[in-house]
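Just so it is clear, none of the values below were taken in a lab; they were calculated from the coordinates. What you are looking at is a predicted structure, and each value in this text was computed from that prediction instead of being measured. With ideal geometry, Cβ positions are generated from the backbone for all residues, glycine too; neighbour counts draw on all protein chains shown.
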There are 2 protein chains.
Amino acid sequence: MAARYEQIAAELRDEILTGVHPVGSQLPSEAELAARYSAARGTVRQAVGILAAEGLVGSRQGARRIVLGGERSQSFAELHSFAQWARSQGHVVGGEVLGQRRRKAGPAESAKLGTAEVLEVLRLRTLEGEPVLLERTVYASWIAPAVEGLPRDCESVTQALYDGVGLVFAYGEHLIDAVSASSEDARLLGVRRGSPLLRQRRITTTQEGRPVEWSDDRYRAGSVAFSIRNSIGANPLARLAL
Amino acid sequence: MAARYEQIAAELRDEILTGVHPVGSQLPSEAELAARYSAARGTVRQAVGILAAEGLVGSRQGARRIVLGGERSQSFAELHSFAQWARSQGHVVGGEVLGQRRRKAGPAESAKLGTAEVLEVLRLRTLEGEPVLLERTVYASWIAPAVEGLPRDCESVTQALYDGVGLVFAYGEHLIDAVSASSEDARLLGVRRGSPLLRQRRITTTQEGRPVEWSDDRYRAGSVAFSIRNSIGANPLARLAL
DNA sequence: GGTCTGGCCTTGTCTGTACATGTTCCCCTA
DNA sequence: TAGGGGAACATGTACAGACAAGGCCAGACC
């Protein structure tokens, strides 16, 4: 059973999404909510803290909380698993391993993953049958056997690794920029060489902080975008010069 | 003076960044920290909560907190102000207004900004003299006079609006994808037509939730990237199909 | 040697209280 | 009518205590 503050957050989120609290309106005060849910003020604060972190409501000391905007925020799993995301959005997802081999880790890979050997996998993902995403993933050697055991057309690697060996992806770091399609990119994604691709490079670790994979994902332009909400209080997004 | 929990967070962050707590090591327990800082456990939890939200440390019930990684996280102001960001990174920043006019708001703009008239501004930004960013910004009519009063080569619009009329940008929503350079984009940024650009569309609001601006920013590929940390507990990043 | 169990440690959740700090709005006054 | 003062209200910070839930480890057992 979910924690009390999660239940309250879910109810409030639902009320916002269904228009009980329209955008721009004020949320009930913490005291009112505490009375309504028969909870302590601290518990209510945890609940609205979630909504604030999601960017759904804004907070200012002294003033009532304001409803900022509609829905957002996919689960971590949906972000890390292309298949889980696509299915939750109602898309028809496909994919196939195009190449897979073990090799020695380069110095950068070794530093990122902490292993001397890596498993390199090239995957092509489709939405509604159209090629959309090209994944070049490098796995740490300790997880390589589990990855090699997966079928070539495994839809959700994340799900399969969880079911198979109980691996949980817990933390991620993402670097997002735009690049030109290389010859290989262009051929596999069905676009012209040099056309724009949205690139997401990410490193993912377990709950214990152990790195699992390092990936270079390239989306065909016009197929997918990334969305982030931020505020003075919570700013997960940073800009980097290259 | 900063709040107690912010002081504690700052000290811990400093200890992590200076290697007192190396990556992969365990943080002292909440009880130890509470004793060390003569604070209640709740206060310490607020402090480490900040670090967890920044992606610096990971948390699992029952186990000690783990140090995940180095620094990150620019201030909200640095993200919203190209000039403040660039200066904090030691870059030489420049910029100029290339065009500016008032016009009627389209239906989408009217819905986003809540005004019938808008001020459209086209700005070119440079780093070390090289054109890097093309900003097409639409301001709500109530802030337009203040924007029109700025000099054409105003470095930091955000800073100028704060100094001039006390306007604070408080909340933002960002949509990031990749596009081909149009003829105009290409000419102004000094790239070939059709070459990849990193596009960031954002809408920014005040503390009261009032929309201020809607902007389409296009970065030359290879000049700038965006960075995000996330975890199972906090996932600000979402993927959207187009 | 390997496995299982139980106890201890640590983080997660929740309550209740108190005071600080900032906002809002009404009323009174000039 | 415009402006100032202040009370009422709301969120922010901090403390203290209690129990739940899960990880970790050592000692017992097979």
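Data table
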| item | result |
| --- | --- |
| Order of A:PHE226, B:PHE82 under a 10 Å beta carbon neighbour criterion, fewest first | A:PHE226, B:PHE82 |
| Most fluctuating residue given options A:GLN84, A:GLN159, A:GLN46, as computed from a GNM of chain A linking Cα atoms under 10 Å | A:GLN46 |
| Centroid-to-centroid separation of region A:147-190 and region B:207-242 [C-alpha atoms, Å] | 22 Å |
| Which of B:TRP142, A:TRP214 has the fewest Cβ neighbours within 10 Å, and the rest in rising order | B:TRP142, A:TRP214 |
| Region A:47-158 shape via C-alpha gyration tensor axes, a/c threshold 1.5 | oblate |
| Max mean-square fluctuation residue, GNM over chain A, Cα-Cα springs under 10 Å, options A:ALA140, A:ALA40, A:ALA181 | A:ALA40 |
| Per-residue mean of C-beta atoms belonging to partner chains within 10 Å, peptide A:165-176 | 5 |
| Distance between region A:38-100 and region A:7-31 - C-alpha centres, whole angstrom | 15 Å |
| Dimensionless Rg over Rh [the protein assembly as shown; C-alpha; Kirkwood] | 0.96 |
| Pair-distance profile P(r), taking every C-alpha pair of region B:76-220, with 5 angstrom steps and integer % | 2, 10, 18, 23, 22, 16, 7, 2, 0 |
| Label distances, nm, A:ARG45 versus same residue in remaining copies, Cβ-directed 7 Å point | 1.1 |
| Across the identical copies, how the A:GLY164 labels are spaced - nm, sorted shortest first, 7 Å along Cα→Cβ | 5.9 |
| Residues of type aspartates and glutamates that B:LYS112 reaches as a straight line, Cα spacing below 19 Å, ignoring anything fewer than 8 places off in the same chain | A:GLU71, B:GLU120, B:GLU135, B:GLU173, B:GLU208, B:GLU213, B:ASP216, B:ASP217 |
| Where only C-alpha atoms are counted, convex hull volume of region B:4-67 per residue in Å³ | 74 Å³ |
| Charge tally in the Cβ shell below 9 Å around B:VAL48, where Lys, Arg are +1 and Asp, Glu are -1, B:VAL48 excluded | +1 |
| Summed residue charge, Cβ within 9 Å of B:VAL179's Cβ, Lys/Arg positive, Asp/Glu negative | 0 |
| Cβ-placed point charges (K, R +1; D, E -1), dipole of chain A about Cα centre in debye, nearest 20 | 640 debye |
| For chain A: relative contact order, % (alpha-carbon pairs under 8 angstrom, 6 or more apart) | 14 percent |
| Cα gyration tensor shape of chain A, rounded if a/c is under 1.5, else prolate or oblate by comparing a/b with b/c | prolate |
| Candidates A:TYR219, A:TYR139, A:TYR171, ranked by Gaussian network fluctuation over chain A, Cα under 10 Å, top entry | A:TYR171 |
| Table column - 3J(HN,Hα) (Hz), region A:8-18, Karplus curve with 6.51, -1.76, 1.60, x for Gly and Pro | 4, 4, 5, 5, 5, 4, 5, 4, 5, 5, 8 |
| Equivalent-ellipsoid semi-axes of region B:160-213, from the Cα gyration tensor, Å, largest first | 31, 14, 7 |
